[in-house]
Amino acid sequence: MKKSLLFLLVLSPLFSASAEPMPRCFDERSELQVSNESVIQYKSTMPNLKKIQVFVKAKFVREMQPTMNQFGQHQHFIVNLREDISDKAGLIEIAHSMNGYTFPEASDLKAGPIYICAEYSTTDKNGYPKITKFTPSETGAMLHWTHQASKSNIDMKAGGHPNGWIYANGKVFGRYNNGKFVQ
């Protein structure tokens with residue numbers, strides 16, 4: 001029995017070593033905690049295009065068509081911030097830049113919970129001004145800036161903007177240079 005337990009203790013790090021550690025999520029002042037219900041409330045209480053850094057835990061709902069405009073190519077998908085993915089109040093669109101950043105495949109997103117550190121914006125079609133690169137979201141809100149703002153460590157905040165990222169299937173997406181940090 002002792003040999004079996006010792007064997008498991010020695011080998012268990014080898015089985016979990018394939019998953020990357022999840023980075024920490026920061027706003028301008030401090031480390032953030034998962035705040036799904038607050039983000040859902042923002043959809044009905046925040047002014048259109050008001051931006052705030054958030055950290056959420058989500059479930060994949062579906063992919064959308066990528067977009068290409070003067071700001072580059074973005075991958076889009078819908079997630080739900082509530083356990084019941086049919087709960088429409090918890091739906092939110094993700095716009096993830098594909099311009100030099102790592103991005104998740106659908107298989108990564110479907111594998112389990114998705115953690116997202118990003119900038120939240122209400123994108124309500126009723127108040128949509130024509131001065132932004134984002135079109136109104138069918139969900140009424142969007143998470144974007146799901147990538148590094150700084151070419152240093154992804155779990156740190158950058159000088160001008162907090163870093164963002166997506167953590168799914170034991171991998172961190174939104175890094176520069178195909179997953180390697182550029183110093």
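The values are calculated or read from the model by the stated rules, or taken from the named source; none is laboratory data. The model shown is predicted, which means the values in this text are computed figures rather than measured ones. Here Cβ is always computed from backbone atoms with ideal geometry, including for glycine, and neighbour counts include all displayed protein chains.
Somewhere in segment 144-164, is a residue aromatic (Phe, Trp, Tyr) and at pLDDT 80 or above?
The answer is yes, given that some residue of segment 144-164 is aromatic (Phe, Trp, Tyr) and at pLDDT 80 or above.
Which condition from (1) in contact with a Leu (Cβ under 7 Å, 6 or more places away or on another chain); (2) farther than 17 Å from Pro136 by Cα is the one that Phe77 breaks?
Here Phe77 meets the rest and fails (2).
Taking the stated definitions as given, is Phe7 aromatic (Phe, Trp, Tyr), modelled with pLDDT under 95 and either assigned to a loop (DSSP other than H, G, I, E, B) or exposed (fewer than 10 other Cβ atoms within 10 Å of the Cβ) (or both)?
It is false that Phe7 is aromatic (Phe, Trp, Tyr), modelled with pLDDT under 95 and either assigned to a loop (DSSP other than H, G, I, E, B) or exposed (fewer than 10 other Cβ atoms within 10 Å of the Cβ) (or both).
Those residues that are basic (Lys, Arg) and either touching a residue at least 40 places away in the same chain (Cβ under 8 Å) or part of a strand (DSSP E or B) (or both), I need them from segment 70-119; list them, please.
Arg82, Lys110
Quick grid of which residues meet (1) buried (at least 17 other Cβ atoms within 10 Å of the Cβ); (2) assigned to a loop (DSSP other than H, G, I, E, B):
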{"site": "Ala19", "(1), (2)": "no, yes"}
{"site": "Pro23", "(1), (2)": "yes, yes"}
{"site": "Arg29", "(1), (2)": "no, yes"}
{"site": "Gln33", "(1), (2)": "no, yes"}
{"site": "Ile40", "(1), (2)": "yes, no"}
{"site": "Ser44", "(1), (2)": "no, no"}
{"site": "Gln53", "(1), (2)": "yes, no"}
{"site": "Val56", "(1), (2)": "yes, no"}
{"site": "Phe60", "(1), (2)": "yes, no"}
